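To keep things clear, I will list the structure first and then write my remarks on it.
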Amino acid sequence: MIEIKNLSFGYKKSAPVYENFSLNIGAGKVFGLLGKNGTGKTTLLYLLTGLLHPQSGKVLFGGVDVHERRPATLGEMFIVPEEFELPNISLKEYVKITAPFYPRFSHEQLKNCLEVFEMPADIKFGELSMGQKKKAFICFALATNTRLLVMDEPGNGLDIPSKSQFRKAIAMGMSDEKSVIISTHQVRDIDSLLDHLIIIDDKRVLLDASTTEITRRLYFGEGEARESDEIIYRQPSISGNSLLCTNGTGEESNLNIELLFNATLAEREKIAAIFNPQK
């Protein structure tokens, strides 16, 4: 669905954020985009959706350069930024004004999403708290039915019940032709949702793998390592130590994204050798 080819981008009077950066993003999956603060995750989301323009290289969406900002392209992508402003109008008015920009907008899906979040259809943005505005905007975003949905820290402002509702709403709206990219630090809020993980740092991709491949190649454990495994990384936990090991027996374990993220940053060469042995 998306091809990022030799992308370079930087802000004025700052070091380049990306240099000769490439990445492919397929369809039908929920992607987790992870990285330390300042690594350019939000910048990448804006480049993907054509809100920022690269100094060199291209971002192709369905083979079309997003830099051209064609109506047909923009009608197939939607971004939920970390911070946003909504006009002081009702949701119904907002839908009437904005929905025509999205050819596959579904009023039925909007209704279903609002029900998941336990919100009435006649809400007015000016009367909502920040968390309620976030839920309303997520409902609209899902109802657009765009092939690409990009979300930057969608869990911010949501309470614990709302985060569970968020996961249900995302899962309910998925299909084989859609992709969702979620950039977040709150990995435990979305770990059960993700099909694929992308970890970036220092202007490059450190890990680009499906959750199935990750749990096939790596074993996530507690306490001591199994005889068949080699410890890659360990970190203190309530029960002693959380371990990331090679998966010598092929036994599946529960994915611990926080542990994997820390291990990928600390043991880059070891993780690269496991997932990209040819390199």
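Under unit Cβ charges (Lys, Arg +1; Asp, Glu -1), what dipole magnitude, rounded to 20 debye, does the chain have relative to its Cα centre?
Computed charge dipole of the chain: roughly 840 debye.
Rounded to the nearest 10 degrees, what's the angle between the helix 130-143 long axis and the longest principal axis of the chain, both from Cα atoms, 0 to 90?
90 degrees
Taking just the alpha-carbon atoms of the chain, what radius of gyration and Dmax come out, in angstrom?
Computed over the Cα atoms of the chain, radius of gyration and Dmax are 19.9, 63 Å.
In whole Å, what three semi-axes, largest first, describe the equivalent ellipsoid of the stretch 211-275 built from its Cα gyration tensor (square root of 5 times each eigenvalue)? Can you show the working numbers first?
Working: eigenvalues 49, 40, 24 Å².
For the stretch 211-275, the semi-axes come out at 16, 14, 11 Å.
Can you list, by residue number, the Cys in the chain that have no neighbouring cysteine C-beta under 4.7 Å?
That list is 245.
If the cut-off is 30 Å between C-alpha atoms, which lysines fall inside it for residue 58, apart from same-chain ones fewer than 8 positions away?
5, 12, 13, 29, 36, 41, 178, 203, 279
Summing Lys, Arg as +1 and Asp, Glu as -1, what charge do residues with Cβ under 15 Å from the Cβ of residue 116 carry, residue 116 excluded?
+2
Could you line up 172, 119 from fewest to most neighbouring Cβ atoms inside 10 Å?
Taking fewest neighbouring Cβ atoms as first place, the list is 172, 119.
Rounded to the nearest Å, what's the spacing between the alpha carbon centres of the stretch 146-173 and the stretch 113-142? Just the number, please.
Cα centroid to Cα centroid, the span is 12 Å.
How large is the convex hull of the C-alpha atoms of the stretch 21-69 per residue, in Å³?
Cα convex hull per residue, to the nearest whole number: 93 Å³.
How big is the dipole moment of the stretch 211-275 about its Cα centre under a simple scheme where the beta carbon of each Lys and Arg is +1, that of each Asp and Glu is -1, and everything else is neutral? Debye, nearest 20, please.
In debye, rounded to 20, the stretch 211-275 gives about 180.
Between residue 92 and residue 241, what is the label-point separation in nm under the 7 Å Cα-to-beta-carbon projection?
A separation of 6.2 nm, rounded to one decimal place.
What distance in nm separates the two pseudo spin-label positions at residue 82 and residue 3, each 7 Å out from Cα along the beta-carbon direction?
Placing both labels 7 Å along Cα→Cβ, they lie 3.2 nm apart.
Please state the relative contact order of the chain as a whole percent: Cα pairs under 8 Å, 6+ residues apart?
About 19 percent, as a whole number.
Computed from the coordinates by the stated procedures, all read-outs in this text should not be read as laboratory data. Everything numeric here is computed off the predicted structure, so don't read it as measured data. Note that each Cβ is placed from the backbone with ideal geometry, even for glycine, and that neighbours are counted across all protein chains shown.
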